[in-house]
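Below you'll find the structure, written out as structure tokens, and then a few comments.
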Amino acid sequence: MSYLERVRALQTWEPSAYRPFTADHKRVGLIHLDFIPQLANFGAVLQISDAEVTLTPELGDAASRSAAMAEVLAELRSRDLIPGWRNEPYAVCEDWGATPLFQMERAAVPLFGTLGYGVHLNGFVRDGDRLKMWVGKRSMTKPTGPGKLDQLVAGGLPAGIGVMDNLIKECVEEAGIPEDIARRARPIGAMSYCTERPEGLRRDVLFNYDLELPADFVPHNTDGEVEEFYLWSMDQVMDTVRESEDFKFNCGVVVIDFLIRRGFIGPDHSDYLEIQRGLHTALR
């Protein structure tokens, strides 16, 4: 799998197979036509037409919408239609920075095609004039990408917490990085994608960070979500991203972004511009 093929894999979906999901006259998601029949019995909460699925206007505030959606999702979960339940609320809004219209369980986000946000941290050390990258192997109990390779630290963004505060929390939990070191992480941009996955439609924005770690630092996991850590040369990282599917689908692309920014993939690469464009897919 080439770098470009990895990037293009995050652009694979069929828009005609989805119907808008709206709340308070704003489009907040996209629901697959095959899933809509599962919502037919929730007429008091979800109004279904040929044009869209909308939260009933009678739910006039975020609290009432959240409570009503919680009942819908609990019923869907009881039918085994929402795998990988997290007990982790996500804010649902039209766009980043907009006022949240309601909250919903993280595992249901892909089924309703609402925006998901996350933080990913590239942890690296210097070995003379060369870099090495810390790579995590996800626990086999993870609901998505079990056993796949990952950034040193990565996690979703729950409702009610800032991006940097969430990154610090994840650093402590996933890799045992003390807060004073975690605060040295530098935000280096965001990437976005819209792609169909087994769990549904992933319309994600990842806020990415770089953190140079002390040469003698050794990560250790405290929350059971990482099975093992590896300190790899950049050649090994590049070979693994380019020649295998060992990295989780989005984590490999976060690595590609790092490779571009650090000059490991330069303008002479034939796919350079296409890769750059693919890292910032416009979310529809």
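The values are calculated or read from the model by the stated rules, or taken from the named source; none is laboratory data. What you see is a predicted model, and the numbers here were worked out from it, not measured in a lab. With ideal geometry, Cβ positions are generated from the backbone for all residues, glycine too; neighbour counts draw on all protein chains shown. Heads up: the accessible areas ignore ligands, DNA and RNA and are worked out on the full protein's heavy atoms, side chains in. Shrake-Rupley method; radii C 1.70, N 1.55, O 1.52, S 1.80 Å.
Any chance the range 39-47 includes a residue that's under 22 Å from the mean Cα position of the chain (by Cα) and open to solvent by 10 Å² or more (accessible area, probe 1.4 Å)? Before you say what the answer is, go through the steps one by one.
From the range 39-47, those under 22 Å from the mean Cα position of the chain (by Cα) are none; that's our starting set.
The answer is no; no qualifying residue exists.
Which numbered condition in (1) free of Cβ contacts under 8 Å to residues at least 24 places away in the same chain; (2) open to solvent by less than 60 Å² (accessible area, probe 1.4 Å) is the only one that LYS169 fails?
In the conditions (1) free of Cβ contacts under 8 Å to residues at least 24 places away in the same chain; (2) open to solvent by less than 60 Å² (accessible area, probe 1.4 Å), LYS169 misses (2) alone.
Give all pairs with beta carbons closer than 8 Å in which a residue from the range 22-39 that is free of Cβ contacts under 8 Å to residues at least 24 places away in the same chain and over 12 Å from LEU81 (Cβ atoms) meets a residue that is open to solvent by 10 Å² or more (accessible area, probe 1.4 Å) and hydroxyl-bearing (Ser, Thr, Tyr); count only pairs at least 6 apart in sequence or on separate chains.
Here the result reads LEU33/TYR18, each pair linking the range 22-39 to a residue that is open to solvent by 10 Å² or more (accessible area, probe 1.4 Å) and hydroxyl-bearing (Ser, Thr, Tyr).
So if I check each of ALA108, ALA70, ALA62, which one is within 20 Å of the chain's Cα centre (by Cα), of a type in the set (Gly, Ala, Ser) and surrounded by 13 or more Cβ atoms within 10 Å (Cβ to Cβ)?
Values: ALA70 fails: within 20 Å of the chain's Cα centre (by Cα); ALA62 fails: within 20 Å of the chain's Cα centre (by Cα).
Unique residue meeting the criteria: ALA108.
Have a look at PRO57, PRO89 and point out the one that is within 23 Å of the chain's Cα centre (by Cα) and surrounded by fewer than 18 Cβ atoms within 10 Å (Cβ to Cβ).
Working: PRO57 fails: within 23 Å of the chain's Cα centre (by Cα).
That would be PRO89, the only listed residue that is within 23 Å of the chain's Cα centre (by Cα) and surrounded by fewer than 18 Cβ atoms within 10 Å (Cβ to Cβ).
Looking only at residues in the range 172-203 that are β-branched (Val, Ile, Thr) and either open to solvent by 10 Å² or more (accessible area, probe 1.4 Å) or more than 28 Å from ILE82 (Cα to Cα) (or both), which one is nearest to the chain's Cα centre (by Cα)?
Filtering first and then ranking leaves ILE188.
What pairs can you find where one residue is in the range 84-97 and under 18 Å from ASP61 (Cβ atoms), the other is aromatic (Phe, Trp, Tyr) and modelled with pLDDT of 95 or more, and their Cβ atoms are less than 7 Å apart, with a gap of 6+ or different chains?
Filtered contacts from the range 84-97: VAL92/PHE102.
Go through the range 6-19 and count every residue that is assigned to a helix (DSSP H, G or I) and exposed (fewer than 11 other Cβ atoms within 10 Å of the Cβ).
The initial filter retains those residues of the range 6-19 that are assigned to a helix (DSSP H, G or I), namely 6-11, 15-17.
If we keep only those that are exposed (fewer than 11 other Cβ atoms within 10 Å of the Cβ) too, we end up with 15-16.
Adding up the residues that qualify gives 2.
Regarding ASP80, is this residue assigned to a loop (DSSP other than H, G, I, E, B), of a type outside the set (S, T, N, Q) and under 25 Å from TYR117 (Cα atoms)? Even if it seems obvious, please write down each step before you answer.
Values: assigned to a loop (DSSP other than H, G, I, E, B): yes; of a type outside the set (S, T, N, Q): yes; under 25 Å from TYR117 (Cα atoms): yes.
Taking the combined requirement at face value, the residue satisfies it.
Does GLU58 satisfy the criteria of being free of Cβ contacts under 8 Å to residues at least 60 places away in the same chain and closer than 27 Å to VAL254 by Cβ? Walk me through it before giving the result.
Details: free of Cβ contacts under 8 Å to residues at least 60 places away in the same chain: yes; closer than 27 Å to VAL254 by Cβ: no.
For GLU58, the condition - free of Cβ contacts under 8 Å to residues at least 60 places away in the same chain and closer than 27 Å to VAL254 by Cβ - is not met.
Suppose we keep only residues that are assigned to a strand (DSSP E or B) and aliphatic (A, V, I, L, M) within the range 111-130. Which one would you say is surrounded by the fewest Cβ atoms within 10 Å (Cβ to Cβ)?
Within the range 111-130, the subset assigned to a strand (DSSP E or B) is 115-127, 130.
So of that shortlist, the ones also aliphatic (A, V, I, L, M) come out as 115, 119, 121, 125.
Values: LEU115: 22, VAL119: 25, LEU121: 26, VAL125: 17.
Filtering first and then ranking leaves VAL125.
For the range 131-161, which residues satisfy the criterion of being under 17 Å from GLU174 (Cα atoms), part of a loop (DSSP other than H, G, I, E, B) and open to solvent by less than 40 Å² (accessible area, probe 1.4 Å)?
SER139, LYS142, THR144, GLY145, GLY147, GLN151, LEU152, LEU157, PRO158
For the range 245-284, give me each residue that is out of contact with any strand residue (DSSP E or B) (no Cβ under 6 Å at 6 or more places or on another chain), of a type in the set (D, E, K, R) and assigned to a loop (DSSP other than H, G, I, E, B).
Matches in the range 245-284: GLU245, ARG262, ASP268, ASP271, ARG284.
Looking only at the range 44-64, decide whether some residue is in contact with a Leu (Cβ under 9 Å, 6 or more places away or on another chain), within 30 Å of PHE247 (Cβ to Cβ) and part of a loop (DSSP other than H, G, I, E, B).
Checked the range 44-64: no residue is in contact with a Leu (Cβ under 9 Å, 6 or more places away or on another chain), within 30 Å of PHE247 (Cβ to Cβ) and part of a loop (DSSP other than H, G, I, E, B).
Yes/no matrix, rows are residues, columns are (1) more than 19 Å from GLY128 (Cα to Cα); (2) open to solvent by 10 Å² or more (accessible area, probe 1.4 Å); (3) in contact (Cβ under 8 Å) with a residue 60 or more places away in the chain; (4) among the hydrophobic types (A, V, I, L, M, F, W, C):
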residue	(1), (2), (3), (4)
SER233	no, yes, yes, no
GLU243	yes, yes, yes, no
VAL253	yes, no, yes, yes
ASP268	yes, yes, no, no
TYR272	yes, yes, no, no
HIS280	yes, yes, yes, no
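Of the residues GLU196, GLU173, only one is under 30 Å from PRO100 (Cα atoms) and part of a helix (DSSP H, G or I); which? If you could, list the steps in order and put the result at the bottom.
Details: GLU196 fails: part of a helix (DSSP H, G or I).
On inspection, the qualifying residue turns out to be GLU173.
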